[in-house]
Amino acid sequence: MNWTLVFLLAAGVAAAIWPDRFALPSASLRRKRLEAIEHGAAETCFEERRTLLAYQPTQRFLLLWRVIGTVVALTAATLLVIDRRHAAEENKAQVVAEEALSEARLAVAEARTGNAMARQDAEVAVSRAEDAVKEWKRVAD
């Protein structure tokens with residue numbers, strides 16, 4: 001599983017649900033700082049209180065964060081589905097290749113008895129196994 005995509009999915013969902021926590025500085029930090037200034041804390045810069053009151057994050061800005069979060073989440077979800085399908089396809093190709101190799105080994109063992117028909121069957125089984133391994137390598141890349 002691709003953990004980066006899982007993290008991006010979670011971050012996108014969080015940004016879509018709680019955009020105010022991703023807006024810098026967040027609305028909650030602004031409220032806390034305003035409360036601290038109103039209760040007598042010193043302002044760290046010139047007219048900090050006026051700046052905090054005048055430049056609140058707008059609804060449009062929060063909507064932008066929601067859209068960004070939704071796009072990130074949808075993209076991550078789509079890539080996760082593609083990744084899982086590719087892994088399933090690769091596993092299927094591996095199983096087919098392993099079965100073909102086992103069949104080829106049995107056919108080669110039988111061909112060692114000297115039977116001409118068994119030798120032809122072994123050649124066909126080895127050819128199938130080689131094709132299956134090539135397919136597995138193609139899917140894995």
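Every read-out reported here was derived from the displayed coordinates using simple, explicitly stated rules and does not represent laboratory data. Remember, it's a predicted structure, so these values are computed and weren't measured experimentally. When we count neighbours, we look across all protein chains shown, and the Cβ atoms used for this are built from the backbone with ideal geometry, even at glycine.
The stretch between VAL124 and ASP141 holds 3.5 nm of extra length on full extension. This uses 0.36 nm per residue minus the Cα-Cα distance.
With a Förster radius of 35 Å applied to the beta-carbon distance between GLU89 and PHE61, the computed FRET efficiency rounds to 0.25.
Each residue, ASP131 and MET117, gets one label point 7 Å from its Cα in the Cβ direction; the gap between the two is 2.2 nm.
Applying 1/(1 + (r/R0)^6) with R0 = 22 Å to the Cβ-Cβ distance of ILE17 and LEU53 gives a FRET efficiency near 0.25. Per-residue extension of 0.36 nm, minus the Cα-Cα distance of GLU35 and ALA109, leaves a gain of 18.2 nm for this segment. If the segment from THR75 to GLU98 were pulled out straight at 0.36 nm per residue, it would be longer than the present Cα-Cα gap by 4.8 nm. Between the beta carbons of PHE46 and ASN2, assuming R0 = 35 Å, the FRET efficiency works out to 0.15 to the nearest 0.05.
Over the stretch 1-104, the fraction of Cα-Cα pairs per 5 Å bin, rounded to whole percents and listed from the shortest bin up, is 2, 12, 14, 12, 10, 9, 9, 7, 6, 5, 4, 3, 3, 2, 2, 1, 0.
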